[in-house]
1. I'm checking my understanding of the structure. Among residues of the stretch 40-73 that are free of Cβ contacts under 8 Å to residues at least 24 places away in the same chain and within 17 Å of the chain's Cα centre (by Cα), which one is surrounded by the most Cβ atoms within 10 Å (Cβ to Cβ)?
2. Could you pull out the residue among 81, 59 that is in contact with a helix residue (DSSP H, G or I) (Cβ under 8 Å, 6 or more places away or on another chain) and modelled with pLDDT under 95?
3. Do you know which residues across the stretch 1-46 are closer than 30 Å to residue 116 by Cα and out of contact with any helix residue (DSSP H, G or I) (no Cβ under 6 Å at 6 or more places or on another chain)?
4. Among the candidates 32, 25, which residue alone is farther than 30 Å from residue 2 by Cβ and surrounded by 16 or more Cβ atoms within 10 Å (Cβ to Cβ)?
């Protein structure tokens, strides 16, 4: 059964704050193969005008993906996660994520549409620090593949 478009706009409670650590940033940068020194060297980050090391642009996926679980696991929505593939990811920044940030994510359903029998769901994640300053907005597109003729 297709996802109900009346869920567009549904917002879920903010996550508990996630403390961004220098080591987590370094590990993420190493994992993605990005050697930008602003991610690992405090002096290099400060030379660029940042108060601490900054995270690679895709780092917020770490917390926005976890926050999106509220949508995925919403029994009222009825999304069959066994059929879901990650379709797209975008970020819109106000400022870089920095070591020492304590970030919370509020997710909402931005869009639901059906394409060739597949459900396409866009989840928006608003990331703020604990003082309320907006840091980044993520847009995650999930595609729930249609069942084949055998229902699989």
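The values are calculated or read from the model by the stated rules, or taken from the named source; none is laboratory data. This is a predicted model, so every value here is computed, not measured. Cβ: placed from backbone, ideal geometry, glycine included. Neighbour counts: every protein chain shown.
1. 69
2. Of 81, 59, the one residue that is in contact with a helix residue (DSSP H, G or I) (Cβ under 8 Å, 6 or more places away or on another chain) and modelled with pLDDT under 95 is 81.
3. Correct list: 1, 2, 3, 4, 5, 6, 7, 8, 9, 10, 11.
4. Selected residue: 25, the only one of 32, 25 that is farther than 30 Å from residue 2 by Cβ and surrounded by 16 or more Cβ atoms within 10 Å (Cβ to Cβ).
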